[in-house]
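Report on the structure given below.
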Amino acid sequence: MELELKFRVEPEDYDAIRVRFAQARTIAMETTYFDTPDGSLSRRRWTLRRRLENGVSLCTLKTPGEGIAREEWQTEDEDILHALDGLIARGAPAELKALAQGGLEPVCGARFTRLALDCRLPACRVELALDRGVLTGGGRELPFQELEAEWKEGSQEAALACGEALARQYGLKPEPASKIQRAMALARKG
């Protein structure tokens, strides 16, 4: 399960926040989002992606969960079609394979650098991620900067409170749209 808060970072605020990430891991990410030709996955609000993380290929399926949470399955694989079996073996809906029988096509993407910090707090563990890059779709690019606070273990309420406190500290506004939603909007303009 994925549970995270996402906040917009204005370009002029990025450097001030980046100071907090001095001990962070740097991860180069390149993401391609896929859908069926008839849009079956997006109609279900499912996200299927292949992401290179420092050159390692990870395929992920996300589906809606309760509240702001999402169900998430991931497998290491170079090929998105081949990865479907691995995702299903890890618990993803078996329906995924039937939906993809008509093929999968790339619809949009993102290229960004992530600074990631693992924060162990008394009641929980949270990953803080500061992302900066571009969303891609329809032959267009849109620069973005955002901060994510993702619950990893322990109290979900404490993890969300951590993210909200960080947002207050830097005056950040929530980012209601996911990367795929914003990249899909670019693709639709194409």
#### Entry: Acute angle (nearest 10 degrees) that the helix 80-89 long axis makes with the longest principal axis of the chain, alpha-carbon atoms
80
### Task
Among the GluC sites (Glu not before Pro) in region 41-134, which ones are in a DSSP loop with at most 16 other Cβ atoms within 10 Å of the Cβ? Mind listing them?
GLU66, GLU78
### Summary
Between ALA89 and LEU117, the two model label points (7 Å from Cα along the beta-carbon direction) sit apart by a distance in nm of 3.8
### Query
The list [x] 29; [y] 41; [z] 34 gives values of percent of Cα pairs over 27 Å apart, and only one came from this structure; which label was calculated from it?
[x]
### Task
Could you tally up the Lys pairs in region 4-189 with alpha carbons closer than 19 Å? Skip any pair fewer than 8 positions apart unless they're on separate chains.
8
#### Entry: Cα long-axis angle, helix 179-189 against the chain (0 to 90 degrees, to the nearest 10)
60
### Message
Could you tell me the relative contact order of region 1-112? Use alpha-carbon pairs under 8 Å, at least six residues apart, and round to a whole percent.
### Response
30
### Message
With a 10 Å cut-off between alpha carbons and a GNM built on the chain, which of ILE27, ILE80, ILE68 moves the most?
### Response
ILE68
### Task
Would you pull out the residues with amide H under 5 Å of CYS108's amide H, same chain only if 5 or more places away, H placed 1.01 Å from N?
TYR33
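Each reported figure results from applying straightforward, stated rules to the coordinates on display, with no laboratory input. A quick note: this is a predicted structure, and the numbers were derived from the prediction, not measured. FYI the Cβ positions are ideal-geometry reconstructions off the backbone, even for glycines, and counts take in every protein chain you see.
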